[in-house]
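Let me begin by presenting the structure, written as structure tokens, before commenting on it.
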């Protein structure tokens, strides 16, 4: 696979990692502590709508760059798993020794739990990495028209229809419509499924294989319109359904979230940026995803979400940027140690 470094897409990768931090900022503490109905409350929910395409963006980038290669290096998924284990051990030991003063068996249980605890994104991303060459073989053998129809059918069935089933459950306060979901017995599961990840991968592949022109102006209009519809849906959840937690409005497979993802990607794809700094910092995006949760517990979120609106926004920005810079340092430390050893594993699976 040819290693391409497009600074515009690398910048989008960094922004996606910041979006993930924003999502976890909200659900770790902010949504629990903020006063309902105030300016801060609505701003946090707006930021949630802006940030919800984060995971989709990671996957669509993967589809864009991976669709033309059917070779997969064993070292890549192994690197992700080792990073997850290493950061889990380090932070479990640090928290156990310095905060909880744990020793002996309690500390060992904490470390073991952090290592073996499943992470849905890591799991699904590795599965997608393994099976994606078969998707590539399929789409390389069909016409543009057939591929376009596949995208349309996939979108209508696994996004629009699946979301309508979830919405039916939400409106009627039932789980009856789960039986009608095309994804599984538990509904679409907010898009946390390989079914959805494969769809977003195919979207990225389609954009790469059959590029189409869309001006930056139209991309911006698409972003704003999708975001407006998504935020209106979120307001409906909050005002009429009294549902502040996860809902179809904030599902990765929500049609508006998917449209927002595509428009954001198309916008950044058209930018002309060439920056060594951006390319260098982008390497830490996945590390940021893995470790940001450990820092969000310690940044006094509850203190700021009920202060001034400006103070909260500044706190969010400083927190996201600081966590990313720490992630970059952690990424570089890993890269020159275990990462260097893992890079020597040159086993390639050819499909």
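Say whether the condition of being buried (at least 17 other Cβ atoms within 10 Å of the Cβ), in contact with a helix residue (DSSP H, G or I) (Cβ under 8 Å, 6 or more places away or on another chain), at negative phi and part of a loop (DSSP other than H, G, I, E, B) is met by at least one residue in segment 256-279.
no
Right, residue 47: in a helix (DSSP H, G or I), at pLDDT below 95 and under 15 Å from the mean Cα position of the chain (by Cα) or not?
Numbers: in a helix (DSSP H, G or I): yes; at pLDDT below 95: no; under 15 Å from the mean Cα position of the chain (by Cα): yes.
It is false that residue 47 is in a helix (DSSP H, G or I), at pLDDT below 95 and under 15 Å from the mean Cα position of the chain (by Cα).
Would you tally the residues in segment 68-79 being assigned to a helix (DSSP H, G or I) and either crowded, with 19+ Cβ neighbours inside 10 Å or in contact with a strand residue (DSSP E or B) (Cβ under 6 Å, 6 or more places away or on another chain) (or both)?
Of all residues in segment 68-79, those assigned to a helix (DSSP H, G or I) come to 75-79.
Now restrict to residues that are either crowded, with 19+ Cβ neighbours inside 10 Å or in contact with a strand residue (DSSP E or B) (Cβ under 6 Å, 6 or more places away or on another chain) (or both): 79.
Total satisfying the criteria: 1.
Could we say that residue 217 is out of contact with any strand residue (DSSP E or B) (no Cβ under 6 Å at 6 or more places or on another chain), farther than 15 Å from residue 56 by Cα and modelled with pLDDT of 90 or more here?
Numbers: out of contact with any strand residue (DSSP E or B) (no Cβ under 6 Å at 6 or more places or on another chain): yes; farther than 15 Å from residue 56 by Cα: yes; modelled with pLDDT of 90 or more: yes.
Yes.
Can we say residue 35 is surrounded by 16 or more Cβ atoms within 10 Å (Cβ to Cβ) and in contact with a helix residue (DSSP H, G or I) (Cβ under 7 Å, 6 or more places away or on another chain)? Steps first, answer last, please.
Numbers: surrounded by 16 or more Cβ atoms within 10 Å (Cβ to Cβ): no; in contact with a helix residue (DSSP H, G or I) (Cβ under 7 Å, 6 or more places away or on another chain): yes.
No; evaluated as a whole, the condition is false for this residue.
Consider segment 333-351. How many of its residues are assigned to a helix (DSSP H, G or I) and touching a residue at least 24 places away in the same chain (Cβ under 8 Å)? Give the steps one after another, and end with the answer.
Let us first name the residues in segment 333-351 that are assigned to a helix (DSSP H, G or I), namely 333-335, 338-343.
With touching a residue at least 24 places away in the same chain (Cβ under 8 Å) added as a condition, the list becomes 334-335, 338-339, 342-343.
Total satisfying the criteria: 6.
Please tell me if residue 311 is under 17 Å from residue 31 (Cα atoms), assigned to a helix (DSSP H, G or I) and modelled with pLDDT of 95 or more. Don't jump to the end; show me each part of the working.
Values: under 17 Å from residue 31 (Cα atoms): yes; assigned to a helix (DSSP H, G or I): yes; modelled with pLDDT of 95 or more: yes.
In short, yes.
The values are calculated or read from the model by the stated rules, or taken from the named source; none is laboratory data. Because the structure is a prediction, the values reported are computed rather than measured. Neighbour counts are summed over all protein chains in view; Cβ atoms, including those assigned to glycine, are modelled from backbone coordinates with ideal geometry.
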